[in-house]
Amino acid sequence: MSLGRKRLFAALWPPRMSRNQVVVGVLLAAFGAALAIQVHATNTSDQFLRAARSDDLVHILDDVTARGQRLDAELRDLQTQNAAIQNSADKAQAALAQAQQKAKDLQILAGTVKAKGPGITMTIADPQAQLKSATLLNALEELRAAGAEVIQIGDVRVVVSSAFVDTPDGGIALDGHNLTQPYVYKVIGDPNTLQPAMQIPGGVVASVRSVPGASATITPGQVLVDAVAPQPYPEYAKAG
């Protein structure tokens, strides 16, 4: 071997490759192998379809169609389930909102929360302290009969168990609270019904005015009932 060939052989052998070159070479080899397998599989599939009989092709088409129909049915089932879940969630939310509103309504009726709305303010003045608790009770009963929903007298919220008593000093007490004059009724309800009910002949206003020096005035409008009753805790009664 000549000197030039020896030098050329020494330069080329053994081959000198970096790690990056080796990695790139392996990746290229793997990619080539995968590409060859894919091409072979595609060619094999195409060859199978070209070589298949008409009956086989119809059977394959039927299988593909049936699979598509099954997938469509599964999709519809999932959509139906999703709609049912959404509908159930909406119903649960609506039921919760109704329950919360019902709880608020019951709190208003029980007198444990403040309330506001249309109604009347009736002021009964008795400078000579001639009125008795029966007159104020009669006014309360007439207001309830006329559809009053919420009533406050002075600083006391009227509830189902409210009661008037005459005090030894000539005054009137409501649920243990001494009422001061004038007696102010804050009433929430339909003012077009409440006001005429108080002013009928022989009614509340007429009864009050029949007492010397006493008077009753009624003003319709928006009413704020800000007095609240203590939370009731029944000792014996239980929910049925």
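The values are calculated or read from the model by the stated rules, or taken from the named source; none is laboratory data. Model, not experiment: these values are computed from the prediction. Glycine gets a Cβ as well: all are built from the backbone with ideal geometry, and neighbour counts include every protein chain shown. Surface accessibility is based on the protein's heavy atoms, side chains included, excluding ligands, DNA and RNA. Shrake-Rupley method; radii C 1.70, N 1.55, O 1.52, S 1.80 Å.
Key figures for this structure:
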read-out	value
Accessible solvent surface per residue of segment 92-240, calculated while the other protein chains remain in place, 1.4 angstrom probe, Å²	59
Ranked order, Leu106, Leu194 - accessible area, probe 1.4 Å, largest first	Leu106, Leu194
Stretch gain in nm, segment Val211-Thr193, where the contour uses 0.36 nm per residue and the Cα spacing is subtracted	4.0 nm
Out-of-range pairs (alpha-carbon distance over 27 Å; input Lys91/Lys238; Lys104/Lys132; Lys104/Lys186)	Lys91/Lys238; Lys104/Lys132
Accessible carbon and sulfur surface of segment 168-240 relative to its total accessible area, %, 1.4 Å	57
Pairwise label distance in nanometres, Ala89 with Arg76, each label 7 Å out on the Cα-Cβ vector	2.5
Alpha carbon centroid spacing (whole Å) that separates segment 98-136 from segment 192-207	17
Accessible-area composition of segment 98-152, carbon plus sulfur, in percent [1.4 Å probe]	51
